[in-house]
1. Just the ratio, please: alpha-carbon radius of gyration of the stretch 290-393 over 2.2 N^0.38 Å, N its number of residues.
2. Return the long-range amide H neighbours of residue 80 (sequence gap of 5 or more, or a different chain), with a cut-off of under 5 Å between placed amide H atoms.
3. Between 0 and 90 degrees, rounded to the nearest ten: what's the tilt of helix 2-11 against the longest Cα principal axis of the chain?
4. Residue by residue through the stretch 172-183, which ³J(HN,Hα) values in whole Hz follow from phi under the Karplus form 6.51 cos²θ - 1.76 cosθ + 1.60 (θ = phi - 60°), with glycine and proline marked x?
5. What list of ³J(HN,Hα) couplings, whole Hz, do you get for the stretch 231-239 from phi and the Karplus terms 6.51, -1.76, 1.60, once you set θ to phi - 60° and write x for glycine and proline?
6. Per-residue ellipticity at 222 nm for the chain, helices alone: DSSP H runs ≥ 4 residues times -39500 (n - 2.57), over residue total, nearest 500 deg cm²/dmol?
7. Calculated from the structure, Cα extents along the principal axes in Å equals which of [x] 76, 50, 41; [y] 68, 46, 38; [z] 78, 56, 33?
8. Can you tell me the orientation of helix 253-264 relative to the chain, as the angle in degrees between its alpha-carbon axis and the longest Cα principal axis, to the nearest 10?
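We did not get these values from a lab; they are worked out from the coordinates using the rules stated. Every value quoted in this text rests on a predicted model; they were computed, and no experiment measured them. Counting neighbours? That spans all protein chains shown, and the Cβs are built from the backbone with ideal geometry, glycine included.
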Amino acid sequence: MGERMAETIGENPQRVIPLWPHAPQALANGPEDCPQLTVHLAAVPNGCGVIVCPGGGYRTLASDHEGLQVAQWLNGHGIHAFVLRYRLGPRYHSSVSRLDGQRAMRVVRFHAQSLGLDPQRLGMLGFSAGGHLILAAALSASSPSAEIARDEIDALDCRPNFLVPLYAVTNGERRGRKADEYPATDSLVDGSSPPTFLLHSHEDSIVPASQSTLLYDALLAAKVPAELHIFNFGDHGLGLDRGADAGHMDASPWGTLLLHWLRRHGLLLDQPSPAQPSPTQPSYGGRCALHGEVLVGGEPVALGWLTWLPEDNNAPIARVRLTGASAGRFTLEADAGPVPGAHRLVLHVVSAIYPADASGDYSLARALMFERQVQVASGEALIWHIERGDGSAL
């Protein structure tokens, strides 16, 4: 089955494939009994993949604005997308939908190499009930027992590498509706849970934003990397929320924030496997640990930020805070450092005193910015001694 599925995916960049030849717990063999993935391959892929789960209250699937259009948007940013048709109530309980989500992740991971995907950069994105599904699938992830496992795909890890629940139900009991259909996911969070990007709207009249803050609190307590955005305007079912930015009517406001987050986590960083090198995409090593010294006019920066902006827009930026307490010296560990290669190095100086005092006096007439081009190489110290007149007032 696995080889046949890989071939059909490769033949057609938008191919519908079943999750199983015969889905477990299926009550019949109609379309609503057969979960499937529709594959949307990016023209210029970066190795990241996302399974998209439309919402619909576990009764319907909003597969246009929370499925196809999201997949097309992801493709435009180099991300392969897989839209899931999962089984729905009242015919199927949400626990069966969870099984479909877990199998979908295993299927994508099984075919990752043939699709040019990094199996460690696979995420799930879900709206409303689809957001609950991805949380339940990821946070209750476990390997099936030998009695349940049907094939080699079932033996793979079904936990995604990142999660994007969007105006999701996270705890039906706390919401006060359908507790059985929406079992709590916040109580399943632990230190091994995937990094998570959350979005909600203050005006949501169907799923209150407190459902996202509930999950965020659990992620924060478990020290799981997370980012939460609650927009003021917009009711439930926003999809990409296009049209909300007057200056960029075709853009997704939360989508732009998500791309920044993915980039900072290195999830858009293309790293072709040695077995399948890419002639058109650079192959990066890991991030670099860095140390060095920055002085302005021969003095340490009292308070500022040093930022490495990579030439490759998919690579993560790196930042370090500078204060007078460090005497101009800094250290970046490898997990937070820049990748090797060309960068624009930018220093923002935001105060001339450290620590702040109680006077309330201004120490700078304007914030200052300095920049230069650098080549980052592992193990090389960065020494940057700047003349104050070389900066730009902001």
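1. Values: Rg = 14.0 Å, N = 104, 2.2 N^0.38 = 12.8 Å.
Normalised Cα radius of gyration, the stretch 290-393: 1.09.
2. Correct list: 42, 46, 47, 48, 50.
3. Its long axis makes an angle of about 70 degrees.
4. My calculation for the stretch 172-183 gives x, 5, 5, 6, x, 8, 6, 4, 5, 7, 10, x Hz in order.
5. Once rounded to whole Hz, the list reads 7, 5, 9, x, 8, 5, x, 5, x.
6. Numbers: 7 runs with 74 residues, N = 394.
Here the helix-only value at 222 nm equals -5500 deg cm²/dmol.
7. After the calculation, the listed value that fits is [x].
8. Approximately 70 degrees, to the nearest 10.
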